[in-house]
1. With Cα Rg over 2.2 N^0.38 Å defined as stated, name the option among [x] 0.91; [y] 1.35; [z] 0.99 computed from the structure displayed.
2. If I take every Cα pair under 8 Å that is 6 or more residues apart in segment 23-198, average their sequence separation and divide by the length, what percent do I get for the relative contact order?
3. What nm distance separates the two modelled labels at residue 61 and residue 195, each placed 7 Å from Cα along Cα→Cβ?
4. Using a Förster distance of 45 Å, how high is the FRET efficiency between residue 168 and residue 122, based on the Cβ-Cβ distance and rounded to 0.05?
5. Taking the chain as a Gaussian network, Cα atoms linked when under 10 Å apart, which of 81, 156, 43 shows the biggest mean-square fluctuation?
6. Sort 144, 168 by Cβ crowding within 10 Å, fewest neighbours at the top.
7. Using R₀ = 22 Å, calculate the FRET efficiency as 1/(1 + (r/R₀)^6) where r is the Cβ-Cβ separation of residue 36 and residue 153; round to 0.05.
8. Under the rule of -39500 (n - 2.57) per DSSP H run of 4 or more residues, summed and divided by the residues of the chain, what mean residue ellipticity at 222 nm is obtained, to the nearest 500 deg cm²/dmol?
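Any read-out appearing in this document is the output of simple, stated calculations on the displayed coordinates, not a laboratory observation. Note that this is a predicted model, so its numbers are computed, not measured. Reconstructed Cβ throughout: ideal geometry from the backbone, glycine too, with neighbour counts over all protein chains shown.
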C-alpha cells in the first residue's frame, strides 16, 4: 500500500523536448553566421556584377586547380567527423577521439594549403589593397578561413575530452554541436568556392 501511495505522489516525468537547448543554440549561431555571410556574398556579387573585367587587368587569377584539390580535402573531413559521432553514440570513445583528430587534421591541412596559396597570390600582387577584387576576395574567403580555424579548435577540444573520458554516450551534446558546426563550415565552402573561384 505504501508503495502505491509513493508512486501516486511521485511527480510525472517530463517528456524530453523535441529540440534540446544545445540544438537551439547551435541553430541560432548558424542562422547568425548565414546572415553575416549573406551580407558578404551580397557585397561580393555587387562588386563582381559592376566590374567590366574580373579579375582586373594586371592581377593574378585565383588558383583553381590547387583549391579544387583543397576542397576535396575539406569534403573528406566530413567522413571522420561523422564517424566520431557514430562511435561516441555507440560508447566507443577511443575510436571517436581518433576520428575527430583526423577531421581536425584535414581541416588544418585545408587552412595550411590556403595560407600557402594566399602567400603566392600576395607575391604576385593580389593583396587587400588591390582594389575591390583583392579586398572582396580576402574578406570573404578570409572570413570563412577564420570559421574553419574555430571549427578545428572546437574539434580538437572535443577529441581531447573524448580521450579523457569526459564525453560519452550519455553526454553527447558537445560532440553533436561540434559535428553540426563542422558540417556547416564545409557546406559554406561548397557555396563560396564556385562563386569566388569559378564565377
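1. Entry [y].
2. Numbers: 169 pairs, mean separation 55.1, N = 176.
About 31 percent, as a whole number.
3. Going from the residue 61 label point to the residue 195 one covers 2.2 nm.
4. Details: r = 46 Å, r/R0 = 1.01.
Once the sixth-power term is evaluated, E becomes 0.50.
5. Sorting by GNM fluctuation, first place goes to 43.
6. 168, 144
7. Working: r = 19 Å, r/R0 = 0.87.
After rounding to 0.05, the efficiency reads 0.70.
8. On the way: 7 runs with 148 residues, N = 199.
Dividing the helical sum by the residues of the chain leaves -26000 deg cm²/dmol.
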